[in-house]
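Here's the structure we're looking at; comments come further down.
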Amino acid sequence: MRIVYSDAHRGHDGAKEMRYDQMIPMFENPGRMDALVTALRAQGHRDFVDARPFELNSILRVHTPGFVAFLEQCWPLWEAEFGASGFATAYTFGMRGMEQQPNESVHSMLSCYTFDVCVPFVKGTWTAIRSAVDVTLTATQEITNGATAAFALCRPPGHHASSDLAGGYCYVNNAAVAAQTLLDQWAKRIAILDVDYHHGNGTQRIFYDRADVLYASLHAKPEQEYPFLLGYARETGVGVGEGFNLNLPLPLGTTVAAYREALAAALVRIRAYAPDVLIVSLGVDTFVGDPVGGFRLETPDFLTIGADIAALGLPTLFAMEGGYAIAALGT
Ligand SMILES: [Zn+2]
């Protein structure tokens, strides 16, 4: 399997996140990629491909121009006001009854274009965002060229980002950009299978009213886990998109038996949909030892899950999402 990677994510580092009563180093950090690359090489994978640069255009097919301009300008604007130390994050959010249009202040942009405090900006953030898209679109090109599978080893992840909102470590929705690119180029139908521990609220929202992308997600139930406000089974799509959104929420403590039952339901739906390409939003924070997860999948379970997905026999693009148990992540 072709594995696409770029080192250009590395500058997106050094910010902190809130953990109850303290600020701690981000779980989403460059060490994740180092762990993955090291383990893949140790396991004998030699088919690494360098990411190629792509135009901003493909991002703008999924995200609004104002939002993309914000992602690019946020750090320079923040730095001009506060200097080069620290990181940019929102103080307020554009909630009910508040203005939704930002003014020229970077604070108002952060308030309108982010939905939580887990999307900090530092000097290298925009470069990393672009590199994650380049990695994903290079892998997408491999699929278009006939590869049966390709792995986009990208960070930051993407599935919490919608067309004009960043959150949950996610800025640009890499999997959604890949899906839209395939549809623009040649594909008629794309299925996105999201196996990250968290619901991919961004991906759901982007394709919620469309029938050309089937979104199927296995995740921790919103009553118990982030993002708390989406991911219910009752969310099935709207308009022509009705029936093309499948949420399979699972309780904390889920082990492989129940997980595979839900996965089987997703795979039945995907098989019936007959997509041209399957995109897997590959989060592995379902692992028992993950510091932000609450499921109990063991390392061998991921081979079983992989075999279940492979049995579909579809061209498959894997886009890296979450997974924060760094010592075990590569395996
Ligand atoms: Zn996650």
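Here, each number is a calculation from the coordinates, and none is a lab measurement. These figures come from a predicted structure and were not determined experimentally. Don't worry about glycine lacking a Cβ; one is built from the backbone with ideal geometry, like all the others, and counts go over all protein chains shown.
Some points to look at:
- Cα shape, the chain, gyration tensor, a/c 1.5 rule: rounded
- Cα shape, the range 15-77, gyration tensor, a/c 1.5 rule: oblate
- Built amide H within the under 5 Å cut-off of Thr286, gap 5+: Tyr197
- The range 191-331 shape via C-alpha gyration tensor axes, a/c threshold 1.5: oblate
- Alpha-carbon centroid distance for the pair the range 194-220 / the range 113-176, whole angstrom: 15 Å
- Fluctuation leader among Glu17, Glu55, Glu225 - the chain, Gaussian network, Cα springs under 10 angstrom: Glu55
- The peptide list 184-191, 66-73, put in order of mean Cβ contacts within 10 Å with the highest first, becomes 66-73, 184-191.
- Working ranking of peptides 23-34, 138-149 by packing, defined as the average number of other Cβ atoms within 10 Å per residue, highest first, is 138-149, 23-34.
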